[in-house]
Amino acid sequence: MDELWTNYLLPWGGHVLTAIAIFYIGRIIAGVVIGGASRVMTRTNIDPILTSFLLTVLNAALLALVTVAALSQLGLDTTSLVALLGAAGLAIGLALKDSLSHFAAGVMLILFRPLRVGDYVEVDGVAGSVDRITIFSTRLKTPDNRVVTVPNGNVFGNTMVNYSEEPTRRIDLIIGISYGSDLLKAKQILIDMVENHPLILQDPAWRVAVSELADSSVNFVVRPWVKAEDYWTVRFELIESIKLKFDEEGIEIPFPQMTVHLDKAE
């Protein structure tokens with residue numbers, strides 16, 4: 001019995017106690033490291049989504065390191081364990097390669113911020129306001145209140161238009177009048193409307209000009225600048241006001257017509 005105690009139980013007991021101590025002390029140290037990393041990321045204004053993910057990965061890595069260190073005290077071959085974990089990680093990575101590409105794109109979106117929550121954007125053929133950015137996907141709300149979830153790989157890997165990045169936008173209207181209408185009168189009406197609209201900015205300067213002598217119309221370009229949030233309001237108001245004013249002043253807006261000639265049969 002003394003031999004069993006001396007040769008087996010006592011040494012193994014010491015190894016077990018050492019392994020338990022390494023595991024619990026390692027967890028405490030890992031907690032301290034995670035807390036410090038969290039405070040540093042908070043002070044540097046890293047996005048909360050990215051902060052949460054990075055802390056989770058760091059915590060898992062530290063716990064794996066502590067577990068391997070504890071198991072090595074029990075005489076286990078940790079080299080084989082590490083190799084097994086590496087092979088499992090490789091297999092999982094290959095199986096989830098598309099998800100990992102979306103994750104990498106999500107990290108890039110969060111780091112470089114080409115779009116933010118509330119921005120009106122057009123990505124992957126979808127236009128809407130950014131409602132939420134997660135680590136794997138971006139959620140958009142369309143103007144008719146549909147919710148569209150776009151994988152981050154499609155967002156970061158394709159052409160993206162951000163209509164909210166700049167504080168101002170230019171409205172581009174093409175207004176046609178018939179060749180028989182008074183060109184100078186029509187131009188002055190357009191100038192007055194742009195000049196007197198309360199939401200149109202005077203700087204940058206707006207522009208009203210004859211742009212084309214088309215097949216059936218004389219075309220004007222009307223290019224006022226507005227605040228980004230006023231874009232659609234001003235655009236709709238201008239189109240309606242121009243039509244009503246042209247009707248009032250006898251300015252004709254041409255539209256496609258077909259003239260049919262009938263020959264009398266003899």
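The values are calculated or read from the model by the stated rules, or taken from the named source; none is laboratory data. Bear in mind the structure is a predicted one, so any value in this text is a computation, not a measurement. All Cβ positions, glycine included, derive from the backbone under ideal geometry; neighbour counts span all protein chains shown.
What do you reckon, is Thr134 surrounded by 15 or more Cβ atoms within 10 Å (Cβ to Cβ), touching a residue at least 40 places away in the same chain (Cβ under 8 Å) and over 27 Å from Glu237 (Cα atoms)? So Thr134 passes the test.
Residues of the stretch 111-127 that are of a type outside the set (Val, Ile, Thr), farther than 15 Å from Asn154 by Cα and in contact with a strand residue (DSSP E or B) (Cβ under 9 Å, 6 or more places away or on another chain): Arg116, Gly118, Asp119, Tyr120.
Considering the stretch 148-239, the qualifying strands (runs of 3 or more DSSP E), each wholly inside and each with 3 or more residues that are surrounded by 12 or more Cβ atoms within 10 Å (Cβ to Cβ) and out of contact with any His (no Cβ under 7 Å at 6 or more places or on another chain), run over 168-170, 173-177, 207-213, 218-223, 225-227.
Note on the stretch 1-47: residues that are in a loop (DSSP other than H, G, I, E, B) and at pLDDT 80 or above total 0.
Is at least one residue of the stretch 60-67 more than 30 Å from Ile133 (Cα to Cα), at pLDDT 65 or above, of a type in the set (A, V, I, L, M) and assigned to a helix (DSSP H, G or I)? Yes, the conditions are met somewhere in the stretch 60-67. Contact map, the stretch 227-242: residues that are touching a residue at least 60 places away in the same chain (Cβ under 8 Å) paired with residues that are part of a helix (DSSP H, G or I), Cβ distance under 8 Å, separation 6+ or inter-chain. Pairs shown: Leu238/Met193; Leu238/Val194; Ile242/Ile189; Ile242/Leu190; Ile242/Met193.
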